[in-house]
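Take a look at the structure set out below.
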Amino acid sequence: QVQLVESGGGLVQAGGSLRLSCAASGRTFSSTTMGWFRQAPGKEREFVAAVSWSGGSTFYHYSGKGRFTVSRDNAKNTVYLQMNSLKPEDTAGYYCAARMFTTINYSTLQYDYWGQGTQVTVSS
């Protein structure tokens, strides 16, 4: 069992930055693939980024490539999403998720545990 709690969301102007954190509890965190997803009102939840269990491999949706950086600190049971050059279209609820396999995946169906989400609002 893995419990996930996101933090770090907020209101920011276009071009600004935010760093989201996801604190995990559970003894298997270091062996999980961690992902970030987002969901805007009226839209489906979409993949943002993922990081392998070791932190050595990362994968990004094209919309965040070059602007977002996903990382993890297994000693702190925490995964991060650094978001730079934010745009109004990045406005959404952001969710972290844990996948109990070592391979990275971008499908919501492949993740086993989810946090409650943190809201990111980017004003123009």
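Please list Glu6, Glu44, Glu89 from largest to smallest accessible area, probe radius 1.4 Å, with all protein chains kept in place.
Highest to lowest solvent-accessible surface, that is Glu44, Glu89, Glu6.
Using alpha-carbon positions, what is the distance between the centroids of the stretch 82-119 and the stretch 26-51, in Å?
3 Å
Taking only the alpha-carbon atoms of the chain, what semi-axes of the equivalent ellipsoid follow from 5 times the gyration tensor eigenvalues under a square root, in whole Å, largest first?
23, 14, 13
Highest GNM mean-square fluctuation, the chain, Cα pairs closer than 10 Å: which of Ala49, Ala24, Ala40?
The residue that fluctuates most here is Ala40.
Once you keep just the Cα pairs under 8 angstrom separated by 6 or more residues, what percentage relative contact order results for the chain?
36 percent
The values are calculated or read from the model by the stated rules, or taken from the named source; none is laboratory data. Everything quoted here is computed from the prediction, not taken from an experiment. Side chains included, ligands, DNA and RNA excluded: accessible areas come from the protein's heavy atoms. Shrake-Rupley method; radii C 1.70, N 1.55, O 1.52, S 1.80 Å.
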